[in-house]
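Below is one structure, written out as C-alpha cells, with a few remarks after it.
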Amino acid sequence: MSVSGLKAELKFLASIFDKNHERFRIVSWKLDELHCQFLVPQPGCPHSPPPPLTLHCNITESYLFSSPIWFVDSDDPNLTSALERLEYTKNNDLVRK
C-alpha cells in the first residue's frame, strides 16, 4: 500500500471514529502509529463512567505484509483478551497466505 493510501485510510477511520464517538475513538494517528480508546459503559453506573481503555498500534513499514503491533499500558483482563484475539487473528491470517 502506498503512503497516500495508508494516509487516506487512517483519515477515513478517524472521521468515522472521531473523539466524540460513543464507543471507540481514534485519539490521534500518524503514518506509523495509531492511538485509540474504547469506552466501556458499566451496567448500573451511567453517571460515573470508567476511564477509557487505551490501545496503541505501531504500523511498520512492511504493513499489509505484516500485521500492525498492538499494545496497551494496562493489566485490564478485557484488554489482554482483546489483544490475544488480535494476535490469534494475525497468526491465522499468516497461515492462510
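The values are calculated or read from the model by the stated rules, or taken from the named source; none is laboratory data. Since we're looking at a predicted model, the values are computed, not measured. Using ideal geometry, Cβ is built from the backbone for each residue, glycine included, and neighbour counts are taken over all protein chains shown. Calculation scope for accessible area: heavy atoms of the full protein, side chains included, ligands and nucleic acids excluded. Shrake-Rupley method; radii C 1.70, N 1.55, O 1.52, S 1.80 Å.
Numbers at a glance
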| quantity | calculated |
| --- | --- |
| Residue in the stretch 67-80 that is closer than 30 Å to residue 2 by Cβ, among the aliphatic types (A, V, I, L, M) and not in a strand (DSSP E or B) present | yes |
| Unmet requirement for residue 14, which otherwise passes all of (1) touching a residue at least 12 places away in the same chain (Cβ under 8 Å); (2) part of a helix (DSSP H, G or I); (3) exposed (fewer than 10 other Cβ atoms within 10 Å of the Cβ) | (3) |
| Scan of the stretch 21-56 for residues that are out of contact with any Phe, Trp or Tyr (no Cβ under 7 Å at 6 or more places or on another chain), under 26 Å from residue 3 (Cβ atoms) and hydrophobic (A, V, I, L, M, F, W, C), ordered by number | 27, 29, 31, 34 |
| Residue 54, sole failed condition from (1) of a type outside the set (Phe, Trp, Tyr); (2) open to solvent by 60 Å² or more (accessible area, probe 1.4 Å); (3) at pLDDT 75 or above | (2) |
